[in-house]
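A.B. asks: Structure below; questions to follow.
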Amino acid sequence: MGRLILKSVSRKFNNSFAVNDVNLEVNEGEFLCLLGPSGCGKTTVLRLAAGLDTPSNGEIFLDNKKITGANRECGFVFQEYALFPWRTVRGNIEFGPEVKGMQKEDVRQLSQHYIDLVGLTGFENHYPHELSGGMKQRVGIARAYANNPKLLLMDEPFGALDAQTRNIMQEELLRIWDKEHISALFVTHSVDEAVYLADRVVVMSARPGTVKEIFGINLPRPRVRTGPEANELRNSILKSLGAEIKKLMLQV
């Protein structure tokens, strides 16, 4: 039984489906990546899992509990950082625990743990405008983990970063995930990123999005970015994804 389960989930906007009949499981401690053409509903799946949107059909469960509203047991990391500009690094990370009513001393210890874990020691009192893009995303990751989620949802969190910073952040994310080992559902447009990060890669079809194909990534960690097995997996995923992109182009 998966930690997150989507059963025949569809979401209709106006007269068309964004996603249709999605069946998917994210297992305990698993890192799962979603790939698909633009507009296939990847972000919609994340929003449904977070309880920020409601399925038109089907059901979603987290640890056998049906999701019927905002799911506070999920942590969400956005592409746009979404940090509070008036709060420091520490203040952003402490926001969730404060809202939960944790004791001030416990909140401080928790925030320091994640500040240290994401490599921001010494930047506790900096504001978002004083940070680089990679550092802002580290704050976003730390803030999500500080809420003690059962599931981490990540919507192209490194999409706005340059290639070198993106590679570093992928390595850092895996380092943190290896320590915390919280189930993760990660949306990306990059096949290379998916093969480097994931235990499994799910390719979604062109709109309306559904699960087309699932690839198990049985490569040892820590992974190298190139090699015969990785290249073979990338080629297989690119072939599956490319067919859906062609369908999308024909629709347009």
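A.B. asks: Tell me which residues, restricted to region 18-75, are among the small types (Gly, Ala, Ser) and in contact (Cβ under 8 Å) with a residue 60 or more places away in the chain.
C.D. replies: ALA18, GLY29, GLY36, SER38, GLY39, GLY41, ALA49, ALA50, GLY75 - these are the residues of region 18-75 that are among the small types (Gly, Ala, Ser) and in contact (Cβ under 8 Å) with a residue 60 or more places away in the chain.
A.B. asks: Also, I was wondering about something else. Working only within region 157-203, note down all residues that are part of a loop (DSSP other than H, G, I, E, B), in contact with a helix residue (DSSP H, G or I) (Cβ under 8 Å, 6 or more places away or on another chain) and modelled with pLDDT of 95 or more.
C.D. replies: Result: THR188, single match.
A.B. asks: A further question follows. Which residues, taken from region 204-230, are basic (Lys, Arg) and at pLDDT below 95?
C.D. replies: Correct list: ARG207, ARG221, ARG223, ARG225.
A.B. asks: Cβ-Cβ below 8 Å, separation at least six or inter-chain, first residue in region 95-106 and assigned by TED's automatic domain parsing to the domain that holds ALA142, second of a type in the set (Ser, Thr, Tyr): which pairs?
C.D. replies: PRO97/SER111
A.B. asks: Let me ask something additional. Which of the residues that make up region 219-247 are part of a helix (DSSP H, G or I) and either touching a Ser or Thr at 6+ places or on another chain (Cβ under 8 Å) or of a type in the set (A, V, I, L, M, F, W, C) (or both)?
C.D. replies: Across region 219-247, the qualifying residues are ALA230, LEU233, ILE237, LEU238, LEU241, ALA243, GLU244, ILE245, LYS247.
A.B. asks: Among the helices (runs of 4 or more DSSP H) lying completely within region 7-120, list those that include at least 3 residues that are loosely packed, with under 13 Cβ neighbours inside 10 Å and either over 18 Å from the mean Cα position of the chain (by Cα) or of a type outside the set (Phe, Trp, Tyr) (or both).
C.D. replies: On the way: elements: 42-49, 89-99, 104-117.
Fully inside region 7-120 and qualifying: 104-117.
The values are calculated or read from the model by the stated rules, or taken from the named source; none is laboratory data. Keep in mind the model is a prediction, meaning the values are calculated, not measured. Cβ coordinates were reconstructed from backbone atoms using ideal geometry, including for glycine residues, and neighbour counts include every protein chain displayed.
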